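**Q** Here's a structure for you.
FYI, it's all coordinate maths here, none of it is from the lab. The structure displayed is predicted, hence computed values, not measured ones. Cβ placement follows ideal geometry from the backbone for every residue including glycine, while neighbour counts extend to all protein chains displayed.
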Amino acid sequence: MCSAPRPEGLPAADPGPLLEALARELWLPGLVCSSGTLGQRLLDLARWHDRLLGGELPETGADFDDPPVAAALRKVVAELNLPALTRGNPDTTLQLLRTALWHADHLIDRHESQARGEAIRAMAHAFQAEWSVERADWEDAQALIQGLGDGEHLRWDALKGHLRSREWQEAKRLAALMAQRPELGALLQRIGRAQRSITPPQPPAPQDSDEGLREPVGLQAVETVLPDSPGELKGIRLGDRIERLLGSELQQLRHPVLHKLWRARKAEARLLTYDSQALLVDWRPDPQAPPRQRPSPPTAHSLERGPMIICLDTSGSMQGAPESIAKAVVLEAVRVAHRERRGCTVIAFGGPDEVIERELDFSPEGFERLMQLIGQGFDGGTDVQTPIERALQRVQQRLWASADVLIVSDGEFGCTRATLDQLDAAREQLGLRMYGLLIGDRETMGLLEVADEIHWVRDWRRDAPSGSSQGYGGAGFSPVHSKSLTALFFPNALSERAARHGRGGAGGPA
């Protein structure tokens, strides 16, 4: 909608052309408002609409032919930063303008003893009080959805409907839960293979415990000349070695007479041959030489911050605290993915044929899917093969080629040999990495065989919902000292694939 030029002498009785430039919802409040003049008010109303819809403050010149009223309303809009709510949101923009016109129209009802300036201040205060509630809700949303700038991507009119819902209150609780577990946020940063890590990995410990205590010893170069060895050409000499003969000597072999002379000269070692020698440089310890520092190997950088494919266990065994932590990880993953422009797909799985695949973001549709997932209850069996196969299909696509997979589960599952073979092929051919987030008390054979790294949330019971029996024993209570109980007590029970990934000792918390 474009702003029209200020008309000259537009008759108040012919508002039709100006109404055509306005949304129908503004016709009645624009016509009946007692502030300003009709023609100028309808014209400036369109200009206010265009600017607010674009996320900007209205022009100072658009004053409805009543500058004090327009200035007071504009001041409130600026103080509350209401253009952040109206940017790209037609419904919110119309609501704001209708409210402003309603308050401006009530100025005519002021008592005769009240000065108009005082009435305008009271009108601006009432207008501010009404929209302060909206602004508080907006700040609440921004606090939950961290790192999203000024919110220009959000549709406030769509988001507003969730603010009083149970899913929104649950999302706030999950965000607070995630803030207490920074180690899980660090795990999400590592997922993906799109960028080189700015933090180099820790160097491996030296195999020789005395290596770091040894003083660097000086070295001396000792040169040894090896005559008649392949190397630098020094000239021509007499000899009998056929591989060193000059071409002029070799051509005599096919001559009917000279070949007899060639044989006689060879017997006497009088043939012309190339003279070469090799130089061997041997570095030997020399206490008199200055110490020589050993060159350190180049630092390896791992890959991180790529697309994330999260396989989310929604089986019945995940009810309670594991469900809360799992949903909190998903919420944080969506926030991180949006802030860093990374893809995020969640494959929620339960029993057979209970698989839901969602691409989550903060578009209106993606946010609606996220709220549905947060409000979903976890129940049913566990079939992890189908989500893993879906994830493998994803990484075959160009946009997800640098993605890694995170399995969020309590570990109560297993995979067939065919699925495990597909995983091994993806690791070898694509560099795929499988992360496991264990929200339980012990590793299972299924999780050991699938994951390359397992991060253990040992104190998961502290996040149990109020009234749940899972919270017994204290906030950090765990009935086991290690997640690797199978490896400790039944080491021969580990399959070759599980043992191949180094799952042999006791593990600590993530």
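**Q** To the nearest 0.05, how large is the calculated FRET efficiency for residue 260 and residue 232 if R₀ is 45 Å and r is the Cβ-Cβ distance?
**A** Values: r = 35 Å, r/R0 = 0.77.
Between residue 260 and residue 232 the formula returns 0.80.
**Q** Can you find, among 88, 128, 29, the residue farthest towards the positive end of the dipole of the range 16-144? Put +1 on the C-beta of Lys and Arg, -1 on that of Asp and Glu.
**A** Among 88, 128, 29, the one farthest towards the positive end of the dipole of the range 16-144 is 29.
**Q** Here is a further query. Expected output is a single nm value to one decimal: the length gained when fully extending between residue 114 and residue 427, i.e. 0.36 nm times separation in residues minus the C-alpha distance. What is it?
**A** On the way: separation 313, 0.36 × 313 = 112.68 nm, distance 7.88 nm.
Extending this stretch completely gives an extra 104.8 nm.
**Q** How large is the dipole of the range 340-424 about the Cα centre if only Lys and Arg carry +1 and Asp and Glu carry -1, each at its Cβ, rounded to the nearest 20 debye?
**A** Details: 8 positive and 16 negative charges, 75 e Å.
Its charge dipole is roughly 360 debye.
**Q** Starting with the fewest neighbours, write out 304, 59 ranked by other beta-carbon atoms found within 10 Å of each beta-carbon. Before the final figure, lay out the partial values.
**A** Numbers: 304 18, 59 15.
The most exposed by this proxy come first: 59, 304.
**Q** Moving on. For residue 384, which sequence-distant residues (separation of 5 or more, or a different chain) have an amide H within less than 5 Å of its own amide H, given hydrogens modelled in the peptide plane?
**A** Amide H to amide H, under 5 Å and 5 or more residues apart or across chains, residue 384 pairs with 414.
**Q** Provide the net charge surrounding residue 347, with neighbours chosen by a C-beta distance below 14 Å and charges set as Lys +1, Arg +1, Asp -1, Glu -1. Present the calculation step by step, with values, prior to reporting the outcome.
**A** Details: positive: 358, 369, 390, 394; negative: 313, 353, 354, 357, 359, 383, 389, 404.
So the environment of residue 347 carries a net charge of -4.
**Q** Next question, about the same structure. Please give the net charge around residue 408, taking every other residue with its beta carbon less than 11 angstrom from that of residue 408, where Lys and Arg add +1 and Asp and Glu add -1. Each step should come with its number before you reach the end.
**A** Numbers: positive: 327; negative: 313, 323, 410.
Net charge around residue 408: -2.
**Q** Pop out the ³J(HN,Hα) list for the range 441-455 in order, Karplus 6.51 cos²θ - 1.76 cosθ + 1.60 with θ = phi - 60°, rounded to Hz; leave Gly and Pro as x.
**A** Once rounded to whole Hz, the list reads 9, 7, 6, 10, 4, x, 5, 5, 6, 8, 8, 7, 9, 10, 9.
**Q** Also, I was wondering about something else. Using the 10 angstrom Cβ neighbour count as an exposure proxy, how do 388, 310 rank, fewest first?
**A** Fewest-to-most Cβ neighbours within 10 Å comes out as 388, 310.
**Q** Along the Cα-to-C-beta direction of residue 365, a point sits 7 Å from the Cα; which residues of the range 318-349 have their amide N less than 17 Å from that point?
**A** 343-346
**Q** Starting from the amide H of residue 344, placed 1.01 Å from N in the peptide plane, find each other amide H under 5 Å away whose residue is 5 or more places distant or on another chain.
**A** 308, 360
**Q** Kindly list the residues of the range 74-114 that lie in the label zone of residue 60, defined by a backbone N under 17 Å from the point 7 Å along the Cα-to-C-beta vector.
**A** Of the residues in the range 74-114, 74-79 have backbone N under 17 Å from the label point off residue 60.
**Q** Taking a cut-off of 19 Å between Cα atoms, list the aspartates and glutamates near residue 266, but don't count ones fewer than 8 places away on the same chain.
**A** 228, 240, 243, 249, 275
**Q** Can you compute 3J(HN,Hα) from phi for each residue in the range 303-315, using the Karplus curve 6.51 cos²θ - 1.76 cosθ + 1.60 with θ = phi - 60°, rounded to whole Hz and x for Gly and Pro?
**A** Using θ = phi - 60°, the values come out as 9, 7, 6, x, x, 10, 10, 9, 8, 9, 6, 10, 6 Hz.
**Q** Residue-wise, which Karplus ³J(HN,Hα) couplings in Hz belong to the range 410-423, taking 6.51 cos²θ - 1.76 cosθ + 1.60, θ = phi - 60°, and x for glycine or proline?
**A** 8, x, 7, 7, x, 10, 7, 5, 5, 5, 5, 5, 4, 5
**Q** Shifting gears a bit: What translational diffusion coefficient, in µm²/s and rounded to a whole number, does the Stokes-Einstein relation yield for the range 218-285 at 37 °C and a viscosity of 0.692 mPa s, taking the hydrodynamic radius as the Kirkwood radius over Cα pairs? Don't skip to the answer; put the middle values down first.
**A** Values: Rh = 13.8 Å.
Reported coefficient: 237 µm²/s.
**Q** Separate question: Would you work out if the range 16-144 is rounded, prolate or oblate? Take a ≥ b ≥ c from the square roots of the eigenvalues of the alpha-carbon gyration tensor; rounded if a/c is under 1.5, else prolate when a/b is larger than b/c, oblate otherwise.
**A** Working: a/c = 1.94, a/b = 1.17, b/c = 1.66.
Taking the square roots of the gyration eigenvalues as a ≥ b ≥ c, the range 16-144 is oblate.
**Q** In addition: Treat the count of other C-beta atoms within 10 Å as a stand-in for reagent exposure and order 330, 222, 355 from fewest to most. Before the final figure, lay out the partial values.
**A** On the way: 330 25, 222 11, 355 18.
Lowest to highest Cβ neighbour count: 222, 355, 330.
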